[in-house]
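The structure appears below as structure tokens.
The values are calculated or read from the model by the stated rules, or taken from the named source; none is laboratory data. The model shown is predicted, which means the values in this text are computed figures rather than measured ones. Reconstructed Cβ throughout: ideal geometry from the backbone, glycine too, with neighbour counts over all protein chains shown. Remember, those area values only see protein heavy atoms, side chains included, never the ligands or the DNA or RNA. Shrake-Rupley method; radii C 1.70, N 1.55, O 1.52, S 1.80 Å.
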Amino acid sequence: MEKGNSRSDDPRHSIPDELCHPFSKFSDWKFKLFRVRSMEKAPLPSEKEPLSATSSGDSAMEGAGLPGSVMKLCLGGKSKENIEGPSRHIDLKLQEIDTHMNHIKSLCRLCGMLLRKAKGPEHEVQGLLDEASRFSLRRMGCKALNWPEVILKVFKVDVAGDMETIHPPSFCHRCWTAAIRGGGFCSFTRTQVPEWMPHSTHCPLCFPKKVSLQRKGRKRRKALRGAPSLAKRSKLESHSSSAVGGGGRGSLGRTRVKKGLWVKNFTFCHKEHLSVQLLPDDLPLDFVSAVTCQVCGHLLANPVQAPCGHLFCRSCILKYGRAVGGHCPACSLPCAPADLTSPAKAFLGVLHSLQLLCPKDGCGERVRLDSFRPHCLGHHLEKRQEDEQRSTATEPSLDSYLPVNKGGRPRQHLLSLTRRAQKHRLKELKNQVKTFADKEEGGDIKSVCLTLFLLALRASNEHKQADELEAMMQGRGYGLHPAVCLAIRVNTFLSCSQYHKMYRTVKATSGRQIFQPLHTLRSAEKELLPGYHQFEWQPALKNVSSACDVGIINGLSGWTSSVDDIPADTISRRFRYDVALVSALKDLEEDIMEGLRERNLDDSTCTSGFSVVIKESCDGMGDVSEKHGGGPAVPEKAVRFSFTVMSISVQAEGEDETVTIFQEPKPNSELSCKPMCLMFVDESDHETLTAILGPVVAERNAMKESRLILSVGNLPRSFRFHFRSTGYDEKMVRELEGLEASGSTYICTLCDSTRAEASENMVLHSITRSHEENLERYEIWRTNPFSESADELRERVKGVSAKPFMETQPTLDALHCDIGNATEFYKIFQDEIGEVYQKANPSREERRRWRAALDKQLRKTMKLKPVARMNGNYARRLMTTEAVEVVCELVPSEERREALRELMGLYLQMKPVWRSTCPATDCPDQLLRYSFNSQRFAEILSSTFKYRYDGKITNYLHKTLAHVPEIVERDGSIGAWASEGNESGNKLFRRFRKMNARQSKTFELEDVLKHHWLYTSKYLQKFMEAHKNSPKALQATINPEEMTVDDSEMSPDIEF
């Protein structure tokens, strides 16, 4: 018993078990040495300071055991025995906060002094203006209706977000006088508003420091004079507790009610949340408790659910957590704000369908919870209209108190006034503009004011200033957007020094900063280059770093070297493949969201993720050498690997077919072909090309097995990628797939036919090759399992001589097909001019003479200059009916002329099928007749031109006649998957290299790759399209030195 009594007298015994320190013995003896204030017993807020320990103990233990849930709610859901123990102490944390609130209620919110020291009445901080204050401020031009607006303007303090547990609710009469004297706009006194802090164990209000009276040593500080003193515990407590036993219900009931009031003072929601008394009386108590907040006791408003399952109002549980602690009030389990979730939809449906009784006298209608507030608002508006009608007949209008100029001293001009006076005079107009902007323009006051100014300038015929203002409002002309300046610099290929010279010249001549400085452009570049956006792969990519902020890296970073290898004699720079794809998708974010809106697809229906189809292109750029300094020019070849986002589709939930939300409108443009890797290497160097593109292939294979999580439209979305390597010419395909060179006996990269078989049967062939089959044939070539000879082994593997290291799509490149066929027709024209069908083995001099005659005729008639190597532009002009007629003038035989015309006519009918982006819709008739035309074309070659196609045929001519219908049937198009965009980027490489000429090729290659990526940005392209008619920007871009201030001298018709 003695041990039990000592346990009862222990002040730590009143603490809940969840809050007890794990080292309880240490806590016990430490508590005896240092008394903790937060664990001492404090009286209730409404009780007087106890005179003795006996009286306080009796009052605390009086009437325990009252049933109900209010006390249990306030005690955190614990039982009375767990919280109070034998001493029956209530939660002291709430007592301390309530005592703190009593302290701050006696202080001024604005100056911090005691309210009783300031002579005059007190004023509510959150209250409305009384009639005297309202009329006084109205005479000075202030139309405020409540004190928070006045305090914000006078004392520069926003009191709208004050909390009952932190900020005083009133301010003194001195601060009221200062606000009235300032007219509601300013303060003529130096009032320093204190910074109010939440209650803590070192609260300066509850435990103030008095430095002048404080002695040295470890003497305990005295409490504030106004605070209730804490009574010492006496032995009478144990006797009285044992004597009383269970106690009565009165004391505990009062404690529960008072503690419920403390919690409601923390939440302060009785004006916002609906009372439980509005529910009908016939509802069960368990149902009522289920729809009641466990903190404030009102009906649930914006309910949230704790991990333990209890329901609260969102605002109440957040305020309770800030005041008391992060635990559930019902069960005291940990409950952080991040753990709160929304309840089930079924419960929300039941909650919103509750029938509430209208509290207005005479109404008596039952209204649903979700429509209760509009119903009460209707009553409020009716009452307000009635009050206004009565007030207009009896009270004078407030407009009579406005200042009126009754003559005498004339009013000064608005521009001659001070800023404060200008604000005072234009106060009413500003409020009207703000109201209009909030209602019509989404709160954009600046645009409304600029539009009014623009209309005023137009009305006064000041069109020059109006044009400048309109250009500034649209982001062009005066003060161009940084993205516009960046687009101008990239599209006009200006170096840093050239752009800076233009920037200084325009600023000096016009006196305005029309273009942005270079550092602003560099900041705008970061958002458009890869490595800026955050993303995630699920699952994580194999052997690829998870870092997102990866920019330009060394292309040789994945070089697999051994002891015998020598260092790579090349320079390569590239983006990481996944980072580049993320940047490309973020560049298309507006197009993706627009596609979803056009097809009426909600976010809830796009749960399966998006499918992205990528076209890959890789081709050599030839000799790109430039002479910097002395010495002979050394040939320098380069290769570029790029990709194009062809389409983005999504399969809506419940639908069988996928919906395409984005389709690249110009798949063969250099504006849509994004560079990923640049390298100084010859495309014929198989080993170096394999080593550089090896990491790219590894990253692509890893992305095939994962999905990208990227934020698009402020929501995380899932993307899966499908890669199609179609943008390769014949030479590059043979390098990547390990096939023999173009002069091989096996002429086709799609089938296994030899040159002789293709010439005998020009049409009837099918696609048989694939990447997996080439890998198997390479293993046979490497191991020779059947011990065959070289010729037999070559016949078995069908021309595979190296290991294929990158998968390509078995297709036909439309651009190189045109170039190859044009080269063949150019040779046919030469042979027909020289009548080779009648001669055998003509000499080299004769062929030169025929070629010179053909070039002279084309240059004279069609102004087609001869080229050393066939290109796309020359091929397009040569393969026309006009060119055939010009050539026929040199062909002596009429029969051969007709054959040439028929051959060209058939070719021109077949060409749209492989050049069109969608032949099924663009040229359906030519697609249907393609098999017939190809058969007729083959007959003419094998009969009329047999001298040239006897046992041989060119690679592209064979693919044109044999494989085009099968590819179109499988892929739907050939022209859309061509490498024309990558080929068009060759001239961009040379221009960007001149733009970023440096001594170091490494930095030069980085600048070329960076600016080429910016050149293909859809974001910058939209800015250039929107601002391409800006006369000032384009005039300064083309010739900044000749730019003048006069707008009349600028030509508005300049276009890119």
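Computed over neighbours whose Cβ is under 15 Å from that of LEU764, the net charge equals -3, Lys and Arg +1, Asp and Glu -1.
State which entries of LYS615/LYS946; LYS542/LYS586; LYS507/LYS987 exceed 27 angstrom in Cα-Cα distance in the structure shown. As for pairs spanning more than 27 Å Cα to Cα, those are LYS615/LYS946; LYS507/LYS987.
Rounded to two decimals, the Cα-based Rg/Rh of the stretch 788-897, with Kirkwood Rh, is 1.14. Heavy-atom accessible area for HIS298, with the other protein chains in place and a 1.4 Å probe, reaches approximately 20 Å². Here, the stretch 854-1000 is characterised by an Rg to Rh ratio of 1.05, where Rg is the alpha-carbon radius of gyration and Rh the Kirkwood radius. Here the dipole of the stretch 809-953 is about 660 debye; that uses its Cα centre as origin and unit charges on the Cβ of Lys and Arg (positive) and Asp and Glu (negative). The residues ARG700, ARG990, ARG796, ARG366, sorted by heavy-atom accessible surface at 1.4 Å with ligands and nucleic acids left out, run ARG366, ARG796, ARG990, ARG700 from largest to smallest. Protection proxy ranking, highest mean first, for peptides 1007-1015, 573-581: 573-581, 1007-1015, where packing is the per-residue count of other beta-carbon atoms within 10 Å, averaged. Think of a 1.4 Å ball rolled over the protein heavy atoms: the stretch 737-827 then has 44 Å² of accessible area per residue.
How many Å³ per residue does the convex hull of the Cα positions in the stretch 141-186 occupy?
69 Å³
Converting phi to 3J(HN,Hα) with the Karplus coefficients 6.51, -1.76 and 1.60 and the offset θ = phi - 60°, the stretch 178-189 yields 5, 5, 5, 5, x, x, x, 10, 8, 10, 8, 10 Hz in sequence order, with x at every glycine or proline. With the charge dipole of the stretch 822-957 set up from +1 on Lys and Arg Cβ and -1 on Asp and Glu Cβ about the Cα centre, the Cα lying farthest toward the positive end among the listed residues THR823, ILE833, PHE945 is that of THR823. Accessible surface for GLU737 stands near 10 Å², nearest 10, in the context of the full protein assembly shown (1.4 Å probe). Non-local lysine pairs in the stretch 787-913, meaning eight or more places apart or on different chains, with alpha-carbon distances under 22 Å, amount to 7.
Can you give the net charge of the other residues whose Cβ lies under 13 Å from the Cβ of ILE592, counting K and R as +1 and D and E as -1?
-3
Counting only Cβ charges, +1 for Lys and Arg and -1 for Asp and Glu, the dipole size of the stretch 734-828 around its Cα centre is about 160 debye. The distance linking the stretch 514-540 with the stretch 963-1001 is 25 Å (Cα centroid to Cα centroid, whole angstrom). Please tell me which of these pairs span more than 22 angstrom C-alpha to C-alpha: LYS153/LYS423; LYS143/LYS434; LYS666/LYS959; LYS93/LYS319; LYS464/LYS501? Exceeds cut-off: LYS666/LYS959; LYS464/LYS501.
When LYS1018, LYS271, LYS987, LYS153 are compared by accessible area at a 1.4 angstrom probe, the order from most to least is LYS271, LYS987, LYS153, LYS1018. Packing here is the average count of other Cβ atoms within 10 Å per residue, and on that basis the peptides 117-130, 837-850, 937-950, 485-498, highest first, run 485-498, 937-950, 117-130, 837-850.
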